[in-house]
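Novice: Please find one structure pasted underneath; my questions will follow.
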Amino acid sequence: MPHISLPGHLPGITGLLEFSQDTAAPIRELTQILLRGESSLTQGERELIATIVSHNNECRFCTSAHTAAADLLLGESETCEMVKHDLENAPVSDKMKALLTIAKMVQKSGKSVTPEAIAQAKAQGATDMEIHDTVLIAALFCLYNRYVDGLASVTPSEPSFYEYLGERIVNHGYTRLPQGYDHLKKS
């Protein structure tokens with residue numbers, strides 16, 4: 001049960017963002033820029049960053065939502081599972097492994113990021129902008145994970161919910177739906 005009164009038909013982050021649309025607007029805009037804006041990292045790679053951070057923060061809602069989005073963008077589900085449980089052998093580039101390692105460091109603490117990890121990412125071809133965006137995405141998802149879990153937002157257990165949410169993320173990004181979310185209310 002959530003710690004505050006949230007819209008009952010909107011679990012997870014969506015209910016929190018609807019609860020306070022003033023604070024939601026800049027968070028949504030930043031997320032849209034980082035995960036859907038122009039980047040040399042694919043949208044799927046950026047969703048992998050969100051996934052690994054959420055997984056390591058043990059945020060079930062965010063992990064499930066961003067795994068679903070990443071799976072759709074990558075066209076398969078093996079990569080996400082490997083990234084979460086066996087990064088060393090995951091079917092991603094060495095550059096992406098280095099960036100995901102940095103994301104995991106940020107998830108622990110910004111001060112956990114080492115010069116060696118940055119040097120490794122650069123040696124694998126990561127640009128300063130890719131390193132910047134990796135750190136910022138990781139930090140942003142720490143915020144989201146703590147927001148969702150800190151207010152005990154509802155976390156559905158049905159995989160079909162996250163399949164739907166993953167499709168919405170892929171097809172509509174992170175901006176608020178123009179019609180809002182009343183269409184999700186159960187009659």
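Novice: Output ³J(HN,Hα) for the range 2-19: one whole-Hz value per residue in order, computed from phi by the Karplus curve 6.51 cos²θ - 1.76 cosθ + 1.60 with θ = phi - 60°, and x for Gly and Pro.
Specialist: Ordered by residue, 3J(HN,Hα) equals x, 6, 10, 6, 10, x, x, 8, 10, x, x, 5, 4, x, 5, 5, 6, 4 Hz.
Novice: If you count only protein heavy atoms and use a 1.4 Å probe, how large is the accessible surface of Phe19, to the nearest 10 Å²?
Specialist: Phe19 has an accessible surface of roughly 120 Å² with all protein chains in place.
Novice: Which of rounded, prolate, oblate describes the range 12-61, given a ≥ b ≥ c as roots of the alpha-carbon gyration tensor eigenvalues and a/c under 1.5 marking rounded, otherwise prolate only if a/b is larger than b/c?
Specialist: oblate
Novice: Would you mind listing how long the chain runs along its three principal axes, going by Cα atoms, in whole Å with the largest first?
Specialist: So the three principal-axis extents are 55, 32, 29 Å.
Novice: Sticking with this structure for a sec: On the accessible surface of the range 69-184, probed at 1.4 Å, how many percent belong to carbon and sulfur atoms?
Specialist: Ligands and nucleic acids excluded, carbon and sulfur give 55 percent.
Novice: Run the 1.4 Å probe and let me know the accessible area of Asp149, rounded to the nearest 10 Å².
Specialist: Looks like 70 Å² after rounding.
Novice: Follow-up. Go through the range 57-72 residue by residue and turn each phi into a ³J(HN,Hα) via Karplus (6.51, -1.76, 1.60, θ = phi - 60°); whole Hz please, and just put x for glycine and proline.
Specialist: 7, 6, 8, 4, 4, 5, 4, 5, 5, 7, 5, 4, 5, 4, 4, 5
Novice: Still on this structure: Label Lys111 and Thr23 with points 7 Å out from Cα along Cα→Cβ: what is the distance between them in nm?
Specialist: Result for the modelled spin labels: 2.6 nm.
Novice: Shifting gears a bit: Rank these by accessible area, largest first, 1.4 Å probe: Tyr174, Tyr147, Tyr181.
Specialist: So, going from the largest accessible area down, we get Tyr147, Tyr174, Tyr181.
Novice: Under 1.5 on a/c is rounded, so check that first for the range 76-144, then, if it is not, pick prolate when a/b is larger than b/c and oblate when it is not; a ≥ b ≥ c are the square roots of the alpha carbon gyration tensor eigenvalues.
Specialist: Here the range 76-144 falls in the oblate category.
Novice: How high is the relative contact order of the range 26-93? Use alpha-carbon pairs under 8 Å, at least six apart in sequence, and give a whole percent.
Specialist: 26
Novice: Here's a follow-up. Tell me, what is the per residue accessible area of the range 12-174 in Å², probe radius 1.4 Å?
Specialist: In whole numbers, the range 12-174 has 46 Å² accessible per residue.
Novice: Right, here's the next one. Isolated Cys in the chain by the 4.7 Å beta carbon test?
Specialist: That list is Cys80, Cys142.
Novice: Another one. Please tell me the relative contact order of the chain in percent, rounded to the nearest whole number, where contacts are Cα pairs under 8 Å and at least six residues apart.
Specialist: Reported as a whole number, the value is 35 percent.
The values are calculated or read from the model by the stated rules, or taken from the named source; none is laboratory data. Quick caveat, the model's predicted, so the values are computed rather than measured. Here Cβ is always computed from backbone atoms with ideal geometry, including for glycine, and neighbour counts include all displayed protein chains. The area values use the complete protein model at the heavy-atom level, side chains included, leaving out ligands, DNA and RNA. Shrake-Rupley method; radii C 1.70, N 1.55, O 1.52, S 1.80 Å.
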